[in-house]
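In what follows, a single structure is set out as structure tokens and then discussed.
Throughout, read-outs are computed from the coordinates displayed, never taken from laboratory work. Computed from a predicted structure; not experimentally measured. Cβ placement follows ideal geometry from the backbone for every residue including glycine, while neighbour counts extend to all protein chains displayed.
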Amino acid sequence: MSMRRALSMRGAAMASCRGFLGAGPSATSSTTQQDFDVVVFGGGMIGSALACLLKQSPLTSELKVAVVDRNAPSSPSSSIADLPQVPDIRVSTLTPSTLALIDRVGADWAIHPTRSASFHDMQVWDQTASRKHMRFSGSGEGPLGRVVENEVIKSALQRRAQELGCEYASGGVKEVLAPRPRVGITREAGDDDDLCDRPSVVFEDGRVLSAPLLVGADGSESIVAKSAGIRYEGRAYGQRAVTCTVDVSRPFATAFQRFLPTGPIALLPVRGGRGNIVWSTTPEHARRLESLGARDFAAEAMEALTVEGGPVPSSSSSSRGGGGWESALASRASALLGLRGGASPPAAFEDPPEVVSVAGGRQRSFPLASKHALTYCQRGVVLVGDAAHRIHPLAGQGVNIGFGDCELLVTTIQEALWSGQDFSANLTLEKYAAERRNKNGAMIRSLDAVRALYQSESPYVEAARSFGMDLINGFGPLKQVFVGFASSNAAAADIRSP
Amino acid sequence: MLLARGCGIATASRRAGMWCARRLLASEANKGTGATMSGSSSVDPREIEKFAKRANEWWDTGGTYGPLHRLNYARSPFIRMAACDHYGLNAEQRRPLESLSVVEVGCGGGILSESLAAMGAKVTAIDAAEESIEVAREHLKRNKVVPDGRLSYVATTGEALASENRRFDVVVSSEVVEHVVDPPSFCRTLAELCKPGGLVVMSTINRTVWSYSLAIVAAERILGMAPRGAHDWNQFVTPDELTIMCEDAGLGLTAVSGMRWSLPKNQFELSRDTSVNYIAAFSKAGDRGAGE
Ligand SMILES: Cc1cc2nc3c(=O)[nH]c(=O)nc-3n(C[C@H](O)[C@H](O)[C@H](O)COP(=O)(O)OP(=O)(O)OC[C@H]3O[C@@H](n4cnc5c(N)ncnc54)[C@H](O)[C@@H]3O)c2cc1C
């Protein structure tokens, strides 16, 4: 019933059900309707990466691809403008597999050493004075990852996608018309999977873009997911992340992350020998931090990053006066997190560089939330990137799992084309959806487990927290949280203090 | 590569089963075929009725014929590769079969027909069940993969089409030979529909203990994946029997591959294992000459 209504409401936009095979602007329509094979809604990092991958891969390169965004893309012809001297505050840590993908599609401009900063180690430690920490190192030649400004990644991918023949359509979007999910178990005759369910995008100026497959790459407030009736599970963390670019006392090549009871603070290297701070904390604290001057903020950040009490000898459970219950608790927490303990060669603790001052613009804060779509596909609609999952920034994985989505989606579409199957049918998309949702779900659960451990108010967890690094020292799923499940060339070394 | 491997396996086991197979075929032929619709047709009316009753279910991918949709992920790539190999085409294009005429005998609701047309072929798809052809035509109007004018359906039999002297570059018959009354005669009809130097591709279910447990017991009785009574295990054809029947019809085996259910992917994939589902390509002797 509601299905019927939804269909009839789609009205004129849906008038032409077939005809994309004739590709190109359809002259028959009174409105200016254009038909494509794939419409990617959202031309951010993920949407543009998907567009590049589609046009770059065998079989899918023959598809006609459009990218829709409210903002106009970087023009491929524009001379490469010099980047601003101080890097933008929105940056992403890219894992080796993401770097390989960017290189493969020919957008390596973005990850050139002059436009990005590499890090070879990652150091994670907690707020206790014990200097328990863990360090991950890149093995072999490659770095563990690179930090690149979102704008740089985005514009490189946008320019490349256009070079490869994707059409960008920008402007205000009036509505997204997507087939609604089927309700209940009622089936009307002819109401089958392949019913004329061709999604389309209607611009405010009357332009209509339509394709058998609409990809939602429009970020965490996805209107594609909304119009397709895809729902989310998740939670607001009740936290905000304060971020800014900072001047530091020396160049560095380590990604630092320290866990404080209020949340983690990260110091990442960015181009030009500067640093980027992402500081997750309570909303009140975030507001106060935002109001601080450049030097005062730097001083507070420095304090947050500095080991309390200076160098302290190794702490064991006995030196903390811990009884059997403490270690029992720790091992329970370990079991909970699915960790194995294990001794490894120790690596020295590296003191982070001194944070001198906020550079460029002021520090700004963003709300933190975790959100996971209950399904990634729905009759001609499929989600990638933040539209499918928004995760805590503590491990810097957000955009990387989005790139992973793109890779599997393109492979899945290729397989459908290879088999002469409808790439927009649920039969095809469900394979992508199930596999990615599983993988990303595991990441989200690991992140939640780490976060819960550090942010619980429970005295028991508080006690376990002092063993925090012992817990993290296990090479379990948590290693993946930090280094990225995709970076196979990363070797981890866990450490206790000297 | 995959094709070549499969082929090796087939030839190895071929000779061993040859005698057995011939004897079995002879005894089947003696059973008599009183149920034939017309003297010259291998169609079994009871089978046609069975499919006609369920014609409206062809495109319900979650229903009765779901496995056939998922079988496309194995049989379509096989046909794509076999045809490209045979005719020297580049399989890595989106629609590599554009230069070929294809007939699909026993197309049902058109699940495979649309795939073949999506790969570019000019497809004539036929089925003896009018109801299925109706469903197939309806679906074609709404489909999103077939280029205009590349697929047409006719409610007829292979024999009737052959008697009209229609000949094709590629003849496809998937999951049909196990349902016909007279398999040897059916193979001769397929050979007849094929141009000299052309290609015939058939897929079916092997007659092994495995296929009994998987296709009959598990699929029909336990999982309800196939309608109960959809298959008669005694009618299943082994790769050796199929090879012999085709040889007798003037077709030489060029490649064979198993099609195995992959649980994690929830679809079929090509494999070396021919013990349950398999697909085979045969070439017809003769000079290919110029196209139709
Ligand atoms: C504080 C913070 C720090 C982070 N740090 C990291 C990090 O270190 N590493 C990491 O990997 N990730 C990080 N992330 C996450 C990362 O920023 C996101 O994963 C990434 O931006 C997602 O990209 P996307 O293309 O999916 O979505 P978006 O970047 O949100 O892009 C969506 C696009 O769609 C367009 N759009 C949206 N709605 C509409 C509409 N209605 N009409 C038209 N166009 C529309 C937008 O204009 C935009 O171009 C961080 C996030 C936060 C909040």
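Taking beta carbons within 10 Å but only from partner chains, what does the mean come to for residues B:143-149? Please report the intermediate quantities before stating the final value.
Working: counts 6, 17, 11, 4, 2, 4, 0.
For this peptide, the per-residue mean of nearby foreign Cβ atoms is 6.
Each peptide in A:405-416, A:61-72 was scored by the mean count of other Cβ atoms within 10 Å over its residues; highest first, the order is A:405-416, A:61-72.
Computed 3J(HN,Hα) for segment A:119-126, one whole-Hz value per residue from the Karplus formula 6.51 cos²θ - 1.76 cosθ + 1.60 where θ = phi - 60°, is 10, 9, 9, 10, 10, 10, 8, 10, glycine and proline marked x. Counting Cβ atoms of other protein chains within 10 Å of each Cβ in A:408-421 and taking the mean gives 5.
On a 21 Å Cα-Cα criterion, which of the cross-link pairs A:Lys439/B:Lys265; A:Lys226/A:Lys371; A:Lys174/A:Lys431; A:Lys174/A:Lys371; A:Lys371/A:Lys439; A:Lys174/A:Lys226 come out too long?
Values: A:Lys439/B:Lys265 15 Å; A:Lys226/A:Lys371 14 Å; A:Lys174/A:Lys431 31 Å; A:Lys174/A:Lys371 25 Å; A:Lys371/A:Lys439 15 Å; A:Lys174/A:Lys226 14 Å.
A:Lys174/A:Lys431; A:Lys174/A:Lys371, as the Cα separations exceed 21 Å there.
If you sort the three axes of the alpha carbon gyration tensor as a ≥ b ≥ c, you get a/c of 1.5 or more for segment A:202-284 and a/b above b/c, which makes it prolate. Normalised by residue number, the volume inside the convex hull of the Cα atoms of segment B:143-292 is 149 Å³ per residue.
Count the net charge of all other residues whose Cβ sits under 9 Å from the Cβ of B:Pro196, scoring Lys and Arg as +1 and Asp and Glu as -1.
+3
Note on segment A:215-264 and segment A:390-457: Cα centroid distance 16 Å, given to the nearest whole angstrom. Legend: mean number of C-beta atoms from other chains within 10 angstrom of residue C-beta atoms, peptide A:429-437, equals 1.
Taking every alpha-carbon pair under 8 Å whose residues sit at least 6 apart, segment B:12-284 reaches a relative contact order of 20 percent.
What does the C-alpha gyration tensor say about the overall shape of segment B:12-284? Classify as rounded when a/c is under 1.5, otherwise prolate if a/b is larger than b/c, or oblate. Numbers along the way, then the final one.
Working: a/c = 1.20, a/b = 1.12, b/c = 1.07.
It is rounded, given that a/c, with a ≥ b ≥ c, falls under 1.5.
Can you list the GluC sites (Glu not before Pro) in segment B:84-138 that are in a DSSP coil and have 13 or fewer other beta carbons within 10 angstrom? For GluC sites (Glu not before Pro) across segment B:84-138 that sit outside H, G, I, E and B with at most 13 neighbouring Cβ atoms in 10 Å, the list reads B:Glu92.
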